[in-house]
1. Can you tell which of 57, 196, 352 shows the greatest fluctuation in a Gaussian network model of the chain with Cα springs below 10 Å?
2. Find the relative contact order for segment 83-201 and round it to a whole percent, using C-alpha pairs within less than 8 Å whose residues are 6+ positions apart.
3. Subtract the Cα-Cα distance of residue 366 and residue 331 from 0.36 nm times their separation in residues, and report this length gain in nm to one decimal.
4. Give the accessible surface of the chain per residue, rounded to a whole number of Å², with probe radius 1.4 Å and ligands, DNA and RNA excluded.
5. Just the number, please: Stokes-Einstein D of segment 228-289 in µm²/s, Kirkwood Rh from C-alpha pairs, 10 °C, 1.306 mPa s.
6. What per residue convex hull volume, in Å³, comes out for segment 135-245 when only alpha-carbon positions are used?
7. Given the convex hull over the Cα atoms of segment 55-165, what projected area results after averaging over all orientations, in nm²?
8. Limiting things to C-alpha atoms, what are the Rg and the maximum Cα-Cα separation (Dmax) for segment 1-71, in angstroms?
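The values are calculated or read from the model by the stated rules, or taken from the named source; none is laboratory data. Everything numeric here is computed off the predicted structure, so don't read it as measured data. Side chains are part of the model used for accessible areas, which takes the heavy atoms of the whole protein and leaves out ligands, DNA and RNA. Shrake-Rupley method; radii C 1.70, N 1.55, O 1.52, S 1.80 Å.
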Amino acid sequence: MATVPFLDFKPMHDPLRDKLDAAVTRVSHSDYYIRGKECEAFEQAYAQYIGVKHCIGVGNGLDAIQLILRAWEIGPGDEVIVPSNTYIATALAASYVGATPVFVEPVLETAEIDPDRIEAAVTPRTKAIVVVHLQGRPCDMDPIRAVAQKHGLHLMEDCAQAHGARYKGVKTGALSEAGAFSFYPGKNLGAMGDAGAVVTNDRELADKVRYIANYGSDVKYHHIYKGLNSRLDEMQAAVLSVKLPYLDAWNEDRVRVAEKYRRAITAPEVALPLAPDADHEPVYHVYGIRVLNGQRDALAAHLKEQGIETIMHYPTPMHLQGAYADLNLTRGSLPLAEEFSATELSIPIFPGMKDEQVLYVADVINRFFGAHR
Ligand SMILES: *Cc1c(COP(=O)(O)O)cnc(C)c1O
């Protein structure tokens, strides 16, 4: 049994168990399961929370990205700029619409797409930029927006790891033309199954996404697009509505854990995530450290032996996955993404994580390096 799990839902869910059960029962007894009152109520609440005019509940985070690209009519022959260091969903969304993902390297210190390198990747085929607020830290949106504007490119945010994070006081999802959210259970706001949302201030885009996500139908049995089926169901919407009011408190608690780690992890072999500053208010979806002396895998094995669960984000970069063999990107072609794959280790962080657990993880890390120096 793990002493410190990577993620423990119980501190979040146990105090809400009655409300969650009541929500599920309410939907069961309503005998109405797709795109009804629960979905509408959550969409309104989430649009208000993010600070945008429109929210469309969809099936998952991958679809949320894909639906925005489809609504922009991006397809075969087009290029979509995505970070080289992200979960594969970001790139797959571009592939699903028939476009080619173009990987742009991160800044080492932030792990996020490098605004300076985006411009170098723009070609006459480039149609859009998808940024990812990785690990819950908002990207530097001002320089990215400037590149998008200069070259007339669409700009959207993959917010799957950044529910409630802010850049210059504005929540992620409200920092570009559109934001895509995942409510996969382990995200900062998680459903009890698959779920996602698109947020935007653009009325036309919102309508189009809503139609495309429902078989391209604006009115029942009237189809104006070759759409797909990606809808938020009533159970998930009801669960999300119960949890949303607690999201800010949960994010604050993640910040508490992160600050404790920052003070407690003292081994110089470890690079910690950047601290929050006036412009960047991260929500620490994960707490990803980088092991600088080549002992990442040994540390992970040691932590496991000591009862501490960790995850590598991500052990193989996208460009070296079989799925993207067609891009012919060999090892060495994206050195920073490869560097992250070789050095990154995400250690436990979740709302309600006990101080003793945080200090235990830090202590095991410090002592591991102390013993190997
Ligand atoms: C989780 C995640 C997704 C995909 O979300 P799903 O709901 O699992 O489809 C997309 N992008 C990033 C960065 C993610 O972390």
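1. With Cα springs under 10 Å in the chain, the top fluctuation among 57, 196, 352 is at 352.
2. Details: 212 pairs, mean separation 20.6, N = 119.
Here the relative contact order equals 17 percent.
3. So the chain would gain 9.4 nm between residue 366 and residue 331.
4. Working: 15920 Å² over 373 residues.
Heavy-atom accessible area per residue stands at 43 Å².
5. Values: Rh = 14.3 Å.
After rounding, the answer is 111 µm²/s.
6. Values: hull volume 13.3 nm³, N = 111.
With only Cα atoms used, segment 135-245 gives 120 Å³ per residue.
7. 6.5
8. 16.2, 47
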